[in-house]
Each structure stands twice: as structure tokens, then as C-alpha cells.
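Read through the structure below, which is laid out as C-alpha cells, and then see the notes.
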Amino acid sequence: RPNPITAIKKITINTIFLSYLYLSINIHCIHLPAAKSPMPPIPEPDTSATGGIYDVNESGIQFRHTPSLPTPANGDEFLKRFKSGFKFNVLERPSKNELVFEIIGVDVSFANALRRIMIAEIPTMALETVYMWNNSGLIHDEVLSHRLGLVPLNVDPRLFDEYGHDVDENGEAACTDRNTIVFKLNVVCGKNEADDERLQKKRNSEFKAEGLVSGYDVEEAQQKKSEKGGYKKSGDDDDDEMKEEVEEPSVMNLSIADRAAADAAASNLNKSSTPIDTPHRPFTRHVYTRDLLWCPQGDQLAKFPLHSTGVGSGVGGGIRPLHEDILLAKLRPGQVIELEAHAKKGIGKDHAKWSPVATASYRLMPSIEIVKPIYDELAEELVNWMEPGVFKLEETDDADHRVKAVVVNPYACTMSRNFMRNPSLKESIKMSRIPNHFIFSVESVGMMEPAVIVAEALKVLKNKAINLSGMTHEAEAMNE
């Protein structure tokens, strides 16, 4: 009789390793068709591989069992089936920080493990330790420290070591330029706006002489680089690509919504961030993340020059917060904030500030079938009101009817089931969900691109498989 631990080891380890290999090497990109061209046909779901399918009805979903394939005789047969049914397709990239892809032929446990790893186990850099020297403002030390910790830093965490790798002469963990990023915040509110500007210019010159880098210094360095060599701001190429891509049809049918969101964001960026000055009230100094001073340690300034570009190099240069206009505090005349903050490497499992994603979710692929033809007014109602983007109208050769509804893009289906309110449409459409077909939507916070986050999640999953393999070997040795 085979050892169950050995059998589990072979199937689990081989499954994860093979999936990692395919996800890393054999990624296929789907190029969306032109607006007037139909999407490529979606293959019928293989219910024999899943043992059933989820039928969608008015009250929810119900799993319908179907004859399934016999249990694999060994690991080789399992891997052969897995290889024949596995697919990884990149569907679209709505923006620089968003990615939509699908995984076909895996179990829900694999999909959920990948999702949880992206949320909680991908290391990033975040402010962890705050040394508060002076704070006479309204916000308490603990609250201000918490706000600082939640400020995302645009730096590639793969270029830094885990805290604890380097130790001092006593064998205790030591802060070095390889595991720590140092920021300082030193702001004073002047008596009025003119006095505050005078103080800020004076202090900025002092900070610059000390080698400290603020958001104003990065902007100045980029401006000089632009004047010399036609420097282009980080992300401009990506923005141009997104402008071209936004005209293409969206798999998720969100082209209009994406364009509206981009226009709204652009209009907000163009607005001045200068606070409104209320008459007959004391002057208020707004402290933003641009006031944070980066203190380069060791050779960090050489690795992250102020005029560098791209993800992981700060907002166009150096190591800076991802956004320079995040409000940290408000000060009245005479109030001071003076502190030092150290950023370290961590994971979202310990605190949400280290999570690299804003959202990471998946849903099951819809399967839509028209069992009875839908014509004319009923078809127009379905296409324009009930399920927009999922169906389209086609002309018919039938003299009794003008148009009919056909399925064009099941990816856009949100499972609203609005069509079930109409008895005729309810009888004409069959809707289900495929158990082993997952559509992932990943939105990065910004310090890492979503494709990098997915790749790093697969590496973490691979290491988990290696650890499991070691545990099984230890269990076998103990049984012997």
C-alpha cells in the first residue's frame, strides 16, 4: 500500500512546480479584436475535469454534478492531465497599476493561495520606527506615526535585505544602508504665509547643505535634467500607451468608466494643492509628504539618483513617497514637528502598510448560452439594458425578424441576472460559472508593477512547496 504522505508530496509539489514553470515561461497575451470584430469563441467548459458546473438561478448558484474523470493512478498521470488543461492568459492592462489575467485548469485552492500571497506575503518597504523629537501640533505622536507608516514608498523592495540579516558586534540586528531607509521631518509654521515661505526657503537650503533630499529637490533635479537632455518624466511613455489602448474594446467592458476615471484624476492633478485661506483666522501650515526629507545612507544616493526614472526609483528620482501631496498634519503659528522615521522591509501579514496591492481578487468565468433565439425588441432590451457588453445585435435573414441577440463577450458579465426579471429572457438564456476558470484583477499600490507582484507571489508559492517537500522527507525519515 503506498504511503499517503509520499503520494500527497508528489501530487502537491509537482502541481505547484509545474504551474510555476508554466506561469513563468508560457504566458500568452490575448490581443483584443477591433470594435466591429467578434471576440474569438470561448471553448466549452470541460465538466469532466471539474466534476460539475455552477448553475446560476434567481436565488443564487447551485453546483450541478457531472461524470468526472477517474482519480489519477500516480503523479505522472496527474501532471499529464494538468499540463494538457492548464492555461495562463493576460487579458488586459487598463492602467500602469492594473492587470487582468485568467488562469484555467487549476483548483480553487491554488487560485486563493495566489490571491492571499499577493495581499499578505509580498515584501515591501514601509516606515516602521518613528523617533519623535518634538511635536507641538494638534495630532498626537501615535496618530502621526500611524499616518506616516501608511505612506507608500516608491522603492523596489527587492533591492533591500530583510532587517536582521546584518548584526552588530554584539550579535544584535543592526540598521544598515542595505536594510533601512531613513526619513526626517522638520517643519515649523511661520506667523503668516510670507513668513512661512521665508522660513521654508531658509530651512530647505540648510537641509540641502546637509545632503537631505525633499520633494522640492527631486523636482529641481528633474527640471535641470530636462533642460539638458530632453528628459521625460517617469510614466509618460506608459501614459501614452494607455491613451492608445483606451480606444480598444475592454474585456471587462469598462472602457467608458476607465476613461471617465482617468479624466477625473487628471483634472484633480491639474488643480492647485494650495489650501484655501480663510479670512480672519490664524495662518495654517499644511504638512505634506513632499516635506519628508530622505537621508541617503551609504551608497543609496548612487543607487537611486534624483534624476532616475521608473518604478522603484521614487517619484521620478531618489527614494520618495509614492505621492508627494498626501496631507500629514496641519500646524498653526509657532507649532513644530521634528522626527526621524526608519523604513524597513515587511509583509502585509504583519501590517497592511506593507501590502503591495490595493485589491487582488478573482471571480469564476461566466458561461452564457442562448437556448432559444431572442429577436427584435426583446433582443434590444437585453443588449442595451439588461447585460450591456455581453451580447450584441446581428441582422437576420428571417423575414419575420429584424435582429437577434448573440453572445459576444462573456468576460463582461457581472452576474447581475437582471434578464431573469423578464420571463421570456429567463427561458431563453442559460447562465453558469466554470469552477476551474479564474479571472484575476490585481491593482498595485504603485511601488511594484502588478506583473511583478504576480511573479513574486509565484516565487513565494514555490518556496512554500519546497518547505512542504522538506517536511514530508522529515516525516518519512521519522517513520523509518
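Scanning segment 104-133 for residues that are surrounded by fewer than 21 Cβ atoms within 10 Å (Cβ to Cβ) and of a type in the set (G, A, S), which turns out farthest from I181 (Cα to Cα)?
Among those residues, the one meeting the criterion is S109.
Determine whether K353 is part of a helix (DSSP H, G or I) and within 30 Å of F101 (Cα to Cα).
Criteria met by K353.
So in segment 52-109, with the set limited to residues that are of a type in the set (A, V, I, L, M) and part of a loop (DSSP other than H, G, I, E, B), which one is nearest to the chain's Cα centre (by Cα)?
Looking at residues that are of a type in the set (A, V, I, L, M) and part of a loop (DSSP other than H, G, I, E, B), I get V106.
Quick one: D400 ticks every box in (1) among the charged types (D, E, K, R); (2) at pLDDT 90 or above; (3) outside any strand (DSSP E or B); (4) open to solvent by 60 Å² or more (accessible area, probe 1.4 Å) bar one, so which box is it?
(2)
Scan segment 369-379 for residues that are buried (at least 19 other Cβ atoms within 10 Å of the Cβ) and either within 30 Å of V106 (Cβ to Cβ) or of a type in the set (K, R) (or both) and jot them down.
Of everything in segment 369-379, nothing turns out to be buried (at least 19 other Cβ atoms within 10 Å of the Cβ) and either within 30 Å of V106 (Cβ to Cβ) or of a type in the set (K, R) (or both).
Any residue that is outside any loop (DSSP other than H, G, I, E, B), buried (at least 19 other Cβ atoms within 10 Å of the Cβ) and either at pLDDT below 95 or charged (D, E, K, R) (or both) - is there at least one of those in segment 136-149?
no
Filtering segment 151-187 down to residues that are under 18 Å from Y131 (Cα atoms) and touching a Leu at 6+ places or on another chain (Cβ under 6 Å), which residue is most open to solvent (accessible area, probe 1.4 Å)?
K184
Please verify whether A73 is over 28 Å from E443 (Cβ atoms) and open to solvent by 70 Å² or more (accessible area, probe 1.4 Å), treating the condition exactly as stated.
Considered against the rule, which asks whether it is over 28 Å from E443 (Cβ atoms) and open to solvent by 70 Å² or more (accessible area, probe 1.4 Å), A73 comes out as yes.
Somewhere in segment 307-321, is a residue at pLDDT below 90, out of contact with any Cys (no Cβ under 8 Å at 6 or more places or on another chain), farther than 19 Å from T124 by Cα and not β-branched (V, I, T)?
Yes, segment 307-321 contains a residue that is at pLDDT below 90, out of contact with any Cys (no Cβ under 8 Å at 6 or more places or on another chain), farther than 19 Å from T124 by Cα and not β-branched (V, I, T).
Is it true that some residue in segment 398-412 is acidic (D, E) and more than 19 Å from D55 (Cβ to Cβ)?
Within segment 398-412 (the criterion being acidic (D, E) and more than 19 Å from D55 (Cβ to Cβ)), the answer is yes, since at least one residue qualifies.
Only residues in segment 97-118 that are closer than 17 Å to T359 by Cβ count as the first member; pair them with residues that are of a type in the set (S, T, N, Q) and in a strand (DSSP E or B), Cβ under 7 angstrom, at least 6 apart or cross-chain, and list the lot.
Once the first residue is closer than 17 Å to T359 by Cβ and sits in segment 97-118, its partners that are of a type in the set (S, T, N, Q) and in a strand (DSSP E or B) give N97/S444; V100/S441; F101/N89; E102/N89; R115/S361.
Please find, within segment 380-397, the residue that is nearest to Y362 (Cα to Cα) out of those that are of a type in the set (A, V, I, L, M, F, W, C) and buried (at least 18 other Cβ atoms within 10 Å of the Cβ).
V390
So which of I453, I439 ends up being hydrophobic (A, V, I, L, M, F, W, C), touching a Leu at 6+ places or on another chain (Cβ under 8 Å) and at negative phi?
I439
In segment 188-206, how many are in a loop (DSSP other than H, G, I, E, B) and open to solvent by 40 Å² or more (accessible area, probe 1.4 Å)?
Final tally of qualifying residues: 2.
What are the pairs, 6+ residues apart or on separate chains, where a residue within segment 187-203 that is within 13 Å of V336 (Cα to Cα) has its Cβ under 7 Å from a residue that is part of a helix (DSSP H, G or I) and open to solvent by less than 70 Å² (accessible area, probe 1.4 Å)?
Short answer, once both residue conditions are applied: V187/D291; V188/L199; C189/D196; G190/D196; G190/L199.
Just need a number here: residues in segment 405-440 that are surrounded by fewer than 19 Cβ atoms within 10 Å (Cβ to Cβ) and assigned to a strand (DSSP E or B).
Here the count works out to 2.
Check off (1) at positive phi; (2) within 28 Å of the chain's Cα centre (by Cα) for R417 and give me the number that stays unchecked.
(2)
Could you tell me whether segment 436-444 includes any residue that is free of Cβ contacts under 8 Å to residues at least 40 places away in the same chain and more than 30 Å from L322 (Cβ to Cβ)?
no
The values are calculated or read from the model by the stated rules, or taken from the named source; none is laboratory data. Because the structure is predicted, anything quoted here is derived from the model rather than measured. Here the Cβ is made from the backbone with ideal geometry for all residues, glycine too, and neighbour counts use every protein chain on show. Calculation scope for accessible area: heavy atoms of the full protein, side chains included, ligands and nucleic acids excluded. Shrake-Rupley method; radii C 1.70, N 1.55, O 1.52, S 1.80 Å.
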